[in-house]
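K.L.:
I'd like to ask you about the structure that follows.
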Amino acid sequence: MAGQLWSVDSLGGYMYSDQLSETLRTELQPNTRFRNFCDIEDAHGKGNGETFSWNVYEDVVTEGGTLNEEDVMPETNFTIRQESMTMTEYGNSVPYTSKAQLLSKHSMERVVSKVLKNDACKVLDKAAHAEFDKTKLVATPATATDAVDILLNTDGTAGAVTNNIGMSKEHVKRIADQMAERNITPFDGDNYMALGRPTTFRDFKDDLEAISMYTDAGFSKIAAGEIGRYEGIRFFTQTNVASEGWTNSKSDAAYFFGADTVAEGVVCPEEVRAKLPGDSTYTVVSH
């Protein structure tokens, strides 16, 4: 049986010791980041493998304009397109024996519940990232050493440049301009969002400190460890998704986005529950 066994120290035996601390400790865990920025769609009633659709309404075909006093009111229309997703079930379980439960100094139920919640957090965040990663709009430095200009591709591929420079505030300015020029809707009504690994923003954070270190607001951001807001973009870090491992390790992927990015269809929110009809297995189930 794959699971927790009292007879194997690393799978259960270590949970009892005369000197074992009462404090419950688990591996360090990141919080979700990509999933936090998904739009939740109610897909109640759908099953695994079924398709869930929603409408996207385009602007009117012909814009309105000025009218003279006796002009007939013009008429126009708008088009509708549909987007869809395929429902996928996620789950995991940790079975354990009654002996492990009875002899453990720590509550087996509590430990299993905690590690399954941690697992669900990482798995679902990586699933959200996989959808963010399908973007067709990709910005890279114009050349291997260009700290100012960006090259913009619209086919989902990165420019053929050597990863030999970190992201700078000048890159961010040009990305912000491109997002505004393309009428991308701000995520929260006022700001775009950017998400990446901590080292991806290292050079950029140094630039921000130099810009705002002499203002009260700037000092508060630095003291609180915040990355901050710049050019109408709020910056966040994540560690659930591993580095892209680009050549030279000078930079890594960062995701800039506005509203209506990735949709998550929820049939049944994730939960930890006992396996039925027995009571020896706990399983996290998410749709």
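The values are calculated or read from the model by the stated rules, or taken from the named source; none is laboratory data. Treat the numbers as computed from the prediction; the structure is a model and nothing was measured. Cβ coordinates were reconstructed from backbone atoms using ideal geometry, including for glycine residues, and neighbour counts include every protein chain displayed.
K.L.:
Out of the range 137-170, which residues are surrounded by fewer than 18 Cβ atoms within 10 Å (Cβ to Cβ) and either within 17 Å of the chain's Cα centre (by Cα) or part of a helix (DSSP H, G or I) (or both)?
P.N.:
Passing the criteria: only E170.
K.L.:
Do any residues in the range 166-178 that are assigned by TED's automatic domain parsing to the domain that holds F204 and of a type in the set (A, V, I, L, M, F, W, C) have Cβ atoms under 6 Å from those of residues that are surrounded by fewer than 17 Cβ atoms within 10 Å (Cβ to Cβ) and outside any helix (DSSP H, G or I), where the two are at least six apart or on different chains, and which pairs are they?
P.N.:
Correct list of pairs: V172/E231; A176/E231; A176/G232.
K.L.:
Looking only at the range 63-95, which residues are surrounded by fewer than 10 Cβ atoms within 10 Å (Cβ to Cβ) and polar (S, T, N, Q)?
P.N.:
Hits for the range 63-95 are T66, N68, N77, Q82.
K.L.:
Condition check: over 27 Å from H44 (Cβ atoms) and surrounded by 16 or more Cβ atoms within 10 Å (Cβ to Cβ). Does Q101 satisfy that?
P.N.:
Taking the combined requirement at face value, the residue satisfies it.
K.L.:
Still on this structure, please answer the following. Picking from L151, L137, L124, which residue would you name as being at pLDDT 90 or above and more than 30 Å from T88 (Cβ to Cβ)?
P.N.:
None of the other options fit; the residue is L151.
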